[in-house]
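Visitor: This is the structure, below, for whatever I ask next.
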Amino acid sequence: MSQVAETVVPPLFDVLPSELWHFESLRLEPHNDLMRVEMSGWAFPEPELGPASPGKFLLNGTAFDEIRYPTIREDVGGKFWQRKHSRYSGFQCAALRPPSEIYRNGVLELTYVNPGSPRRIAAQQSWFRLDPALELPFPDEARRFRVIGDTHAENFALSGFTDFKRLDAAAMALSGKGFAGFPRILDFGCGCGRLARYTSQISGVSLSGCDIDADNVSWCADHLSGTFLPTKIDPPTPFPDQSFDLIYGVSVFTHLREPLQDAWLAELERLAAPGAWLFMTVHGRTAIDYAGLPPSHYEELGRSISTEGLYVTATNTQIDGYAEHRGEYVDVFHELTYLRNRWSKYFEIVAIIPGYIYTHDLVVMRKAPSLFKNLRNSFSPFISRLRSKTGQRPPLAV
């Protein structure tokens, strides 16, 4: 642990804008006629209580039988020097349950009730695991690595099902219906089906997927229900206009410079039906907080992102050899005001939720219904004149 971070630099925040928690081990073992569930990891404490924080950990909505929290985690305290009492974050939990209560309706839910205000969408506080007996076949290690930077099937399944459940919950909370209420869904940047493996099993939903990694797309086409097509680094896709009622994309706009970002936003606008909902992730403030940067680099990166709006930090070689990207596949961060101003040229920005998809912020958008879009277009000359006189963006100019 850095002594500078511990003794010289004071915490900047009582709580972070997004308080993630992470479990590092999960064990399920038979115990007589029951199953013993053991979980350990780290979770931030109450900022005013620190080492006296009680810690509320739930297994399928009920408290664990045994909770040891908080224990001192110097590694977490060093990484999150900017968060008050972050070193008091270790936990170990255990519970005995009948086997039938482990995967309720096929799903295991693990929850830490975070400090501070209740989450807008409760699913953000939970990790979800599908019963392994219900899992579809997994892609091989090389394909998984190109998607998550990790070869482990358990991490692929856990992160994929958790993201799927959280996106489904976000759709329900913000649109009034979950994925099952949208007949035509596009997995934008489907990879080797980390989320599509679950979306494809929703009854009544026609799923499509696309990705610049043609080999991964081929795996999806061979193993999952739906239509999966390869694309280039530049649009367009082969799908017709207004093809989809819901589009989600995890870790796509985290890799595009501004010209390609704008081109793909325009393509998504073409693909989205009037009134369609879109769920896209970006690297924002949450990714900065969880990058483990020392104070000087932390502040420097924050200033650069604030100044640039969209800030490129590095090239990304994860898909080299499997997709032609001309060096345009990079790592980028987005600033909040930039997102609202630039992305609203294409869609209504409904919400931006920090840390909703782990260290990614979730941008929720909606395409205007046809009637509203026609109304907006009819006002566009007036809006342009008003902008030129005032320099302001009127409310209708979305």
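No value in this document is a laboratory result; all are computed from the given coordinates. The structure displayed is predicted, hence computed values, not measured ones. Ideal geometry is used to build each Cβ from the backbone, glycine not excepted, and the neighbour counts take in all protein chains shown.
Visitor: Given the options ASP245, ASP65, ASP163, which has the most mean-square fluctuation in a GNM of the chain, springs set between C-alpha atoms less than 10 angstrom apart?
Guide: Greatest mean-square fluctuation among the candidates belongs to ASP65.
Visitor: Identify the residues of region 259-276 with backbone N under 17 Å of a label point that sits 7 angstrom from the Cα of GLN242 along the Cα-to-Cβ direction, or state none.
Guide: Inside the label zone: 267-276.
Visitor: Please name whichever of PRO70, PRO137, SER86 sits farthest to the positive end of the charge dipole of region 58-168, dipole taken about the Cα centre and charges placed at Cβ: Lys and Arg +1, Asp and Glu -1.
Guide: Positive-most Cα among the choices belongs to SER86.
Visitor: So, counting K/R as plus one and D/E as minus one, what does the shell of residues with Cβ under 15 Å around THR315 add up to?
Guide: On the way: positive: ARG257, ARG326; negative: ASP320, GLU324, GLU328, ASP331.
My count for the surroundings of THR315 gives -2.
Visitor: With springs connecting C-alpha atoms under 10 Å apart, model the chain as a Gaussian network and identify which of GLN201, GLN82, GLN125 has the largest mean-square fluctuation.
Guide: GLN201
Visitor: What FRET efficiency comes out for the pair LEU96/GLU135, r = Cβ-Cβ distance, R0 = 30 Å, nearest 0.05?
Guide: Efficiency, from the Cβ-Cβ distance: 0.75.
Visitor: Shifting gears a bit: Under a Cβ-only charge scheme (Lys and Arg +1, Asp and Glu -1), can you give me the dipole magnitude of the chain about the Cα centre, in debye to the nearest 20? Each step should come with its number before you reach the end.
Guide: Working: 40 positive and 46 negative charges, 341 e Å.
It comes to approximately 1640 debye.
Visitor: For VAL350, which sequence-distant residues (separation of 5 or more, or a different chain) have an amide H within less than 5 Å of its own amide H, given hydrogens modelled in the peptide plane?
Guide: VAL364, MET365, ARG366
Visitor: Compute the relative contact order of region 138-367 as a whole-number percentage, counting only Cα pairs closer than 8 Å that sit 6 or more residues apart in sequence.
Guide: 18 percent
Visitor: Quick one: what are the phi-derived ³J(HN,Hα) couplings along region 53-59, Karplus 6.51/-1.76/1.60 with θ = phi - 60°, whole Hz, x for glycine and proline?
Guide: Along region 53-59, the couplings run 4, x, x, 10, 10, 10, 10 Hz.
Visitor: On each of the three principal axes of the Cα atoms of region 138-367, give max minus min coordinate, whole Å, ordered largest first.
Guide: 50, 38, 31
Visitor: Okay, moving on. Please grab the % of Cα pairs in the chain that end up more than 38 Å from each other.
Guide: Details: 18194 of 79003 pairs.
It works out to 23 percent of all Cα pairs.
Visitor: Let me ask something else. Just to confirm the number: angle between the C-alpha axis of helix 258-271 and the first principal axis of the chain, 0 to 90 degrees, nearest 10?
Guide: 80 degrees
Visitor: Also, quick follow-up: For the chain, find the longest principal axis of its Cα atoms and tell me its angle to the long axis of helix 214-223, 0 to 90°, nearest 10.
Guide: 70 degrees
Visitor: Quickly estimate the mean residue ellipticity at 222 nm for the chain, helices only: each DSSP H run with n ≥ 4 gives -39500 (n - 2.57), and the total goes over all residues, rounded to 500.
Guide: The per-residue figure over the chain is -9000 deg cm²/dmol.
Visitor: I would also like to ask the following. Provide the per-residue ³J(HN,Hα) series for region 60-77, in order, calculated from phi with Karplus coefficients 6.51, -1.76, 1.60 and θ = phi - 60°, each as a whole number of Hz, with x at glycine and proline positions.
Guide: Whole-Hz 3J(HN,Hα) from phi for region 60-77: 6, x, 10, 5, 4, 5, 10, 9, 10, 6, x, 9, 6, 10, 5, 5, 5, x.
Visitor: For every other residue with a beta carbon closer than 12 angstrom to the beta carbon of GLN124, add +1 if it is Lys or Arg and -1 if Asp or Glu, then tell me the sum.
Guide: Charge balance in the 12 Å sphere: +1.
Visitor: For region 138-367, what is the charge dipole size about the Cα centre, in debye to the nearest 20, if Lys and Arg each add +1 at the Cβ and Asp and Glu each add -1 at the Cβ?
Guide: In total the dipole reaches around 660 debye.
Visitor: So for TYR88, TYR103, TYR356, fewest C-beta neighbours within 10 Å to most, what's the order?
Guide: By the 10 Å Cβ count, ascending, the order reads TYR103, TYR88, TYR356.
Visitor: Quote to one decimal, in nm, the extra length available between ALA221 and LYS56 on full extension: 0.36 nm per residue of separation minus the C-alpha distance between them.
Guide: Between ALA221 and LYS56, full extension yields 55.2 nm more.
Visitor: Let me ask something additional. If you add up the charges near GLY193, with Lys and Arg at +1 and Asp and Glu at -1, over every other residue whose beta carbon is less than 15 angstrom from its beta carbon, what do you get?
Guide: Every neighbour counted, the sum reads -4.
Visitor: Could you check how many percent of all C-alpha pairs in region 254-364 are farther apart than 17 Å?
Guide: Value for region 254-364: 58 percent of Cα pairs lie more than 17 Å apart.
Visitor: Residue separation times 0.36 nm, minus the C-alpha to C-alpha distance between SER203 and ALA122: what's the value?
Guide: Details: separation 81, 0.36 × 81 = 29.16 nm, distance 2.45 nm.
So the extension gain works out to 26.7 nm.
Visitor: Stretched out fully, how many nm does the piece from VAL107 to LYS177 gain, at 0.36 nm a residue minus the Cα gap? All intermediate terms of the calculation are to be shown ahead of the outcome.
Guide: On the way: separation 70, 0.36 × 70 = 25.20 nm, distance 1.99 nm.
Here the segment from VAL107 to LYS177 would lengthen by 23.2 nm.
Visitor: Same structure, new question: Could you compute Rg(Cα) / (2.2 N^0.38 Å) for region 85-141, with N its residue count? Kindly include the intermediate steps, with their values, before the conclusion.
Guide: Values: Rg = 15.2 Å, N = 57, 2.2 N^0.38 = 10.2 Å.
So region 85-141 has a normalised radius of gyration of 1.49.
Visitor: What are the ³J(HN,Hα) couplings of region 27-38, residue after residue, when phi is run through the Karplus curve with 6.51, -1.76, 1.60 and θ = phi - 60°? Round to Hz, x for glycine and proline.
Guide: 10, 10, 9, x, 9, 6, 8, 10, 10, 9, 10, 10
Visitor: Got a sec? How would HIS297, HIS360 order by Cβ neighbour count within 10 Å, fewest to most?
Guide: Details: HIS297 12, HIS360 23.
By the 10 Å Cβ count, ascending: HIS297, HIS360.
Visitor: Another question about this same structure. Given the pairs LYS56/LYS165; LYS177/LYS232; LYS165/LYS367; LYS165/LYS232; LYS177/LYS367; LYS56/LYS79, which span a C-alpha to C-alpha distance of over 26 angstrom in this model?
Guide: As for pairs spanning more than 26 Å Cα to Cα, those are LYS177/LYS232; LYS165/LYS232.
Visitor: Taking each pair of different alpha-carbon atoms in region 16-104 once, compute 1/r for the pair, average those values, and report the inverse of that mean as the Kirkwood hydrodynamic radius in Å to one decimal.
Guide: Numbers: mean 1/r = 0.0721 Å⁻¹.
The answer is 13.9 Å.
Visitor: Going 7 Å from the Cα of LEU34 in the Cα-to-Cβ direction, what parts of region 59-98 have a backbone nitrogen less than 12 Å from that spot?
Guide: Within reach of a label on LEU34, which here means backbone N under 12 Å from a point 7 Å along Cα→Cβ, region 59-98 contributes 64-66, 94-98.
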